[in-house]
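Contents: one structure, followed by commentary.
Rule-based calculations on the coordinates, nothing more; no lab input. Keep in mind the model is a prediction, meaning the values are calculated, not measured. When we count neighbours, we look across all protein chains shown, and the Cβ atoms used for this are built from the backbone with ideal geometry, even at glycine.
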Amino acid sequence: MSWKRCKEAAGVLLALLLIAISEASARGPSDRKLRKRATSPEAESRRTVAQERIHDLTARLSAVEGLEHVLTTFTDSCNRPDRGSSFGARPTDVLRCEMRSVSYFGVQGDITDVLARIREADIAAWGRRDRQGQDRPDSSGTITYAIDYHRNRGRYPDGRTMPAPVLKTTSLEIDWDRLDFPLVNRIKEATLPDPEAAGGGIYRRCSTVPQAPMSVTEARAHYGTVLRFVAISTNTSTREYYHAVPRGS
């Protein structure tokens, strides 16, 4: 082999070595080390606080008259952050932990009455409010708007279609069946977490309550309307996780 070809081969090997080192550096600590960080006393303490908050909010909604609990799925997981494309910026964390709880309720009685009681329960500030702290009725994110939507059967006085109501915050969401309006938004069948998959990856645990629940389809046939409540531990606006391990810590 000529000297020129030897230099080219050495250059290729060096490039491959640098790529391997870069990928290893980007990947961060081993799964074993990250699992230890995910189960550390600090992580467990934050995990308890996050779970108690989600359970408290779910219990407060469950106590609203006219809502009958059908099932709740709960998942808690810690994983390496997704880098996205190969050329994307390297995440600042090597581990991120978050929880997700999805509860389904059967609605008894008039949905407008139930929505009014949800507002009284003051679980969250849904949508924009005025200076007096009252719902802005023109905002589709308020309960006042949602009630008007139902009372007017999804139509403005001039016959135009009203946008579907959306009740969301940075970590909560309430949605429900709207079967007889132009904008239909049926609650899909629940996806039950697989207990056998718990323990996979860095850290994961999950549960379904009750363990043998009524399906969403069965609940709809029984109650007529199904309401879904989603609570997550991550603030979608600031991307704050209940526990995260910064790179290099």
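Please work out the FRET efficiency for the pair residue 230 and residue 120, using the Cβ-Cβ distance as r and a Förster radius of 25 Å; give the result to the nearest 0.05. Before the final figure, lay out each step's value.
Details: r = 21 Å, r/R0 = 0.83.
Computed FRET efficiency for residue 230 and residue 120: 0.75.
With 5 Å bins from zero, work out the P(r) of segment 52-149 over every alpha carbon pair and list the percent per bin.
Per 5 Å bin, starting at zero, the Cα-Cα P(r) for segment 52-149 comes out as 2, 11, 15, 15, 14, 12, 10, 10, 8, 3, 0 percent.
How large is ³J(HN,Hα), in whole Hz, for each residue of segment 107-122 in order, when computed from phi with the Karplus curve 6.51 cos²θ - 1.76 cosθ + 1.60 and θ = phi - 60°, using x for Gly and Pro?
So the Karplus estimates, Gly and Pro as x, are 9, 9, x, 6, 4, 5, 5, 5, 4, 4, 6, 5, 5, 5, 5, 6 Hz.
Got a sec to turn the phi values of segment 97-106 into Karplus ³J(HN,Hα) couplings, 6.51 cos²θ - 1.76 cosθ + 1.60 with θ = phi - 60°, whole Hz, x for Gly and Pro?
10, 8, 10, 9, 10, 10, 10, 10, 10, x
Against the 2.2 N^0.38 Å scaling, with N counting residues, where does segment 107-249 land? I'd like the Cα-based Rg ratio to two decimal places. List each step's numbers first, then the result.
On the way: Rg = 18.5 Å, N = 143, 2.2 N^0.38 = 14.5 Å.
Working it through for segment 107-249, the quotient is 1.27.
Between residue 191 and residue 170, what FRET efficiency comes out of the Förster formula 1/(1 + (r/R0)^6) with R0 = 35 Å and r the beta carbon distance, rounded to 0.05?
On the way: r = 23 Å, r/R0 = 0.65.
Approximately 0.95, to the nearest 0.05.
Under the definition of Cα pairs under 8 Å and six or more residues apart, what whole-number percent is the relative contact order of segment 55-158?
Computed over segment 55-158, the figure is 24 percent.
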